[in-house]
Structure formats: C-alpha cells, structure tokens
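Here's the structure we're looking at; comments come further down.
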Amino acid sequence: MNRDELVSFLDEYLNVPAYPDKSSNGLQVEGKPEVERVAFAVDTTLKTIERAAKAGADMMIVHHGMIWGGLNYITGVHYKRLKALLESGLNLYAAHLPLDVHPEVGNNVELLKLLGLEPKGPFGEYRGLSIGYWGEFERPEPIEKVAQIIAEKLDATVKTYEFGKREIKTVGAVSGEGAFALEEAWKKGIDLLITGEFGHADYLTAIDLPQSVLVAGHYKTETLGVKALMGLLKERFGLDVFFIDEPTGL
C-alpha cells in the first residue's frame with residue numbers, strides 16, 4: 001500500500017497528536033513510497049535496522065524510535081542508524097506513549113489480557129495523562145500464580161516484591177519504566193503493580209508504602225504492543241509482517 005496512506009492510518013488509529021511525549025512519534029525517517037513488507041521491533045538499533053533491511057522490509061514500526069525530541073548532530077550512533085535506514089530505503093515509524101496507552105493494542109491493555117483481565121479504568125498518571133490501566137480478578141489470586149502466568153506468557157524472568165498484599169484482587173499495569181506509579185497504586189488500593197523496571201529508589205518506596213510489585217523486564221513488557229499492532233495491520237491491510245526479536249535482558 002501507499003506509505004502515506006499507512007502513516008495516516010497509524011497516526012489516526014494511535015491518536016499520535018494527542019500525547020505529550022519525549023519521543024517524536026510518527027514517521028521519523030522517510031523511505032520507500034510503497035509498503036508491502038513491514039518489520040516490527042521494540043527498539044531502533046543498528047542490528048534491528050540491518051535485520052529488517054536484510055529481510056526485505058519496506059518499513060519498520062517500533063516502540064522506541066531514533067528521534068527523541070530532535071537531532072542536534074548526525075554523528076556517532078545517530079549517523080550509523082540513519083545511514084543504514086537511508087541506504088536501505090526503510091521507512092521508520094515510532095509509537096511510544098501512543099502504543100502504551102492505546103485501549104485495543106497498547107502494551108498495558110495487553111499486559112492485563114495476559115491475566116485474562118479487562119481494563120476497569122485508567123491508571124499510571126504521567127505528565128497529566130494516564131498511560132496504564134487496572135483490572136480486577138473475580139476472586140483474589142496468590143501473587144505466585146500471577147507471577148507464573150506472566151512469566152510463562154511473556155517468556156520472561158519475573159521478580160516479585162511482596163511488600164504489600166500477597167493475595168491479589170486488583171492489578172495495575174504500566175510497562176517499561178512504570179515504577180513512577182507506585183504511590184498511585186498504593187493510594188488507589190491496587191494490590192499489585194506490574195511493570196518492566198525497578199530501581200534502588202523504587203525498592204525503597206515500595207517497601208515503605210508498602211506496595212507489592214511484579215517486574216517482568218522493560219523489553220519483554222513492551223513487545224506486546226508492537227505485536228498486537230502487527231496483527232492488526234496484517235488483518236486489515238494484508239501486509240506481509242514480521243517481528244524482530246532483539247531482547248536486552250533488561
């Protein structure tokens with residue numbers, strides 16, 4: 001299909017202009033005008049670009065793009081990535097917060113779906129916008145069971161911090177660096193926060209609140225949105241799509 005038609009669909013479907021974001025969302029690098037094969041990845045790296053080009057992709061759709069608020073200098077890693085994109089003719093499309101918050105294919109809705117939960121409401125306020133969701137089990141589930149489901153379905157190593165409740169009824173999901181939502185979870189009575197990263201200061205906050213947390217990896221928790229979007233584009237437009245898996249272990 002025509003690149004500009006696909007970009008217009010993505011911009012509208014993901015509601016890209018609505019979200020204040022440090023990422024420059026949308027079409028970041030213009031390439032081939034016609035798109036037949038699309039690569040999906042979490043990150044824009046030299047390796048994912050090279051893999052997409054080698055596989056004959058016309059476009060890459062990613063969660064973490066190359067441009068975060070602008071490029072001041074095209075040197076070093078920016079030069080290498082941009083050179084690889086331009087030489088291959090790849091279009092690069094990025095959706096950061098829009099792919100976290102989306103109610104149908106977003107990372108956080110998809111995290112709840114892994115547990116068989118539907119979103120009950122927004123959660124995880126960031127810059128005045130709730131980018132996550134919370135859901136509720138019909139009856140409390142042991143935190144060990146929740147962790148096992150997430151570990152198996154994400155194929156991830158998960159770690160739980162059982163500082164609050166161990167019998168889980170309500171779950172809040174904020175992928176990636178979602179520990180900023182710790183106090184919100186505690187104030188709203190969310191039994192378990194599921195996120196991707198958990199630092200030293202986050203540990204101290206969680207233990208003092210106290211708040212139970214499940215950490216499943218920044219990368220793994222953000223594979224869900226691009227994969228869900230990939231399936232949507234295949235079904236709706238008949239595009240040839242594939243996922244590039246380059247886990248960081250983080």
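The values are calculated or read from the model by the stated rules, or taken from the named source; none is laboratory data. The structure displayed is predicted, hence computed values, not measured ones. Here Cβ is always computed from backbone atoms with ideal geometry, including for glycine, and neighbour counts include all displayed protein chains. When the accessible area is computed, the model is the full protein with side chains, heavy atoms only, and any ligands, DNA or RNA have been set aside. Shrake-Rupley method; radii C 1.70, N 1.55, O 1.52, S 1.80 Å.
Observations on the structure shown:
- Accessible area per residue, Å², the range 184-234 with all protein chains present, probe 1.4 Å: 38
- Inter-label distance for residue 18 and residue 245, nm, one decimal - labels placed 7 Å from Cα along Cα-to-Cβ: 3.2
- Within the accessible area of the range 142-194, the carbon and sulfur atoms contribute 48%, probe 1.4 Å, all protein chains present.
- Volume per residue for the range 44-187 equals 147 cubic angstrom (convex hull of Cα atoms).
- Legend: calculated FRET efficiency, residue 87 to residue 236, from the Cβ-Cβ distance at R0 = 45 Å, rounded to 0.05, equals 0.90.
- Over the chain, the pair-distance histogram of Cα-Cα distances with 5 Å bins from zero comes to 1, 7, 14, 18, 18, 15, 11, 8, 5, 3, 1 percent, rounded to whole numbers.
- Positive minus negative residues near residue 158 (Lys, Arg vs Asp, Glu; Cβ under 11 Å): 0
- Descending semi-axes in Å of the range 95-160, equivalent ellipsoid built from Cα gyration tensor: 22, 14, 11
- Net +/- balance of residues flanking residue 221 in space, Cβ distance below 11 Å, scoring K and R +1, D and E -1: -4
- Protein-only accessible surface order, largest first, of 14, 232 at 1.4 Å: 232, 14
- Measuring with a 1.4 angstrom probe and ignoring ligands and nucleic acids, residue 120 comes out at about 130 Å² accessible.
- To the nearest 10, the accessible area of residue 130 is 40 Å² with a 1.4 Å probe.
- Based on C-alpha pairs under 8 angstrom that are at least 6 apart in sequence, the chain has a relative contact order of 19 percent.
- On a per residue basis, the convex hull of the C-alpha atoms belonging to the range 1-63 measures out at 84 Å³.
- Those aspartates and glutamates that a straight Cα-Cα span of less than 17 Å connects to residue 120, excepting residues fewer than 8 apart in one chain: 100, 104, 110, 136, 138, 184, 191
- Per-q log10 I(q)/I(0), the range 133-250, q = 0.19, 0.23 Å⁻¹ (Debye; single scatterer per alpha-carbon; no solvent): -0.97, -1.27
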